[in-house]
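Data block below; observations after.
The values are calculated or read from the model by the stated rules, or taken from the named source; none is laboratory data. The structure presented is a predicted model; accordingly, all values stated were derived computationally and were not measured. Cβ: placed from backbone, ideal geometry, glycine included. Neighbour counts: every protein chain shown.
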Amino acid sequence: MKAPIRVGIVGLGYMGRLHLRRALESPRAQVTALYDPAPDSVKELRMQSLPVVESYEQLLERVEAVIIASPTSTHGVYAAAALRAQKHVFIEKPVTATAEELEMLLRLQEEVGVVTMVGHVERFNPAFQALWPFRSEFSQYVFERIAPWTPRGSDASVILDLLIHDLDLFWALTEGRVADIRLAAYRTLTRQADTVHLWIDLVDGRGASFLVSRTAPHKRRRLVANGPTLWCEGDFLQRTAQGWRLQGEQYIPLALEIPSMDALAAELEHFLSSIQEGRATSLSLEHVHSVMSWAWQVEALAEHRLLFAPQ
């Protein structure tokens, strides 16, 4: 097996800690630097004798690859510095706060030729993996992603915080061109959209509806995908999937293959193996560009039509 890749992580909050755990467990990774500008975020890690450094510059000196799990507003700065230092880069979603930042990162990546990847972890969810082989048979999709309120992620609208996951899955399944976008957006706890109902029609006749909210009493993440003779359902929380095929006038259950895998660990392994094998990831900056274009278009519509939900 090839030598492990020297990995650094910037941003040791909730997601950063999850990435740290998987990196420590991976034989492909050697965690050589950790950085967070907030001293309290790394105090416990120092006590565990983990390699905490004093600056991001020190981190870049010690690593071959960087995992950026800091707030979205800092992604562009951290990623640009890593690319200029010719480091491979993994960036948590959403990749950047603005289209201009993403365009800048794309130019830098083209200059240095390193591996980049954006953390759309639901691509590696066993439920999604089970439905993936049938994607050519689907024509209509229903996505639902709701969750209780939490301050984490509230620096972005619910579109860039939660809906971005399902926009990415829809793009992965269709790679379609948009014909029409319609939505209703509501704010309840922040100044941005907290609940969004969205409909996207593609030029080839396929389409999807989305319900996303961060003010629900419980969590639900699911996808219903169907075509003329096929109906499938995936539960991303339970990591389960079911399918039925229409034969005559009856639906016959499908035997779906649901892989046994940890999505975050599989995502990290995809990034590290891409570096070791010198190939692009399936979630490179180029691949997510279309998804982010959709997201920013939806965000602009939501800001224009934002309503305050009555109490």
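A quick yes/no check of all residues on (1) crowded, with 17+ Cβ neighbours inside 10 Å; (2) touching a residue at least 40 places away in the same chain (Cβ under 8 Å); (3) part of a helix (DSSP H, G or I); (4) among the hydroxyl-bearing types (Ser, Thr, Tyr):
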| position | (1), (2), (3), (4) |
| --- | --- |
| Ile9 | yes, yes, no, no |
| Met15 | yes, yes, yes, no |
| Leu20 | yes, no, yes, no |
| Pro37 | no, no, no, no |
| Lys43 | no, no, yes, no |
| Arg46 | no, no, yes, no |
| Gln58 | no, no, yes, no |
| Val66 | yes, yes, no, no |
| Ala82 | yes, no, yes, no |
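Scan segment 211-236 for residues that are part of a strand (DSSP E or B) and of a type outside the set (Val, Ile, Thr) and report the count.
Number satisfying all stated conditions: 15.
Give segment 170-225 a look and list any residue that's over 18 Å from the mean Cα position of the chain (by Cα), surrounded by 13 or more Cβ atoms within 10 Å (Cβ to Cβ), among the charged types (D, E, K, R) and closer than 26 Å to Trp149 by Cα, or say none.
Arg187, Asp194
Among the residues of segment 237-285, count how many are assigned to a strand (DSSP E or B), within 24 Å of the chain's Cα centre (by Cα) and crowded, with 16+ Cβ neighbours inside 10 Å.
Total satisfying the criteria: 2.
Just to be sure, is Phe143 outside any helix (DSSP H, G or I), surrounded by 16 or more Cβ atoms within 10 Å (Cβ to Cβ) and of a type outside the set (S, T, N, Q)?
Yes: the conditions hold for Phe143.
So which of Arg84, Arg135, Arg107 ends up being among the charged types (D, E, K, R) and in the same structural domain as Ala300 (by TED's automatic domain parsing)?
Criteria check complete, one pass: Arg135.
To keep it simple, each residue is scored yes or no on (1) over 10 Å from the mean Cα position of the chain (by Cα); (2) modelled with pLDDT of 95 or more.
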{"site": "Thr116", "(1), (2)": "yes, yes"}
{"site": "His120", "(1), (2)": "no, yes"}
{"site": "Pro133", "(1), (2)": "yes, yes"}
{"site": "Glu137", "(1), (2)": "yes, yes"}
{"site": "Tyr141", "(1), (2)": "yes, yes"}
{"site": "Pro151", "(1), (2)": "yes, no"}
{"site": "Ser157", "(1), (2)": "yes, no"}
{"site": "Asp166", "(1), (2)": "no, yes"}
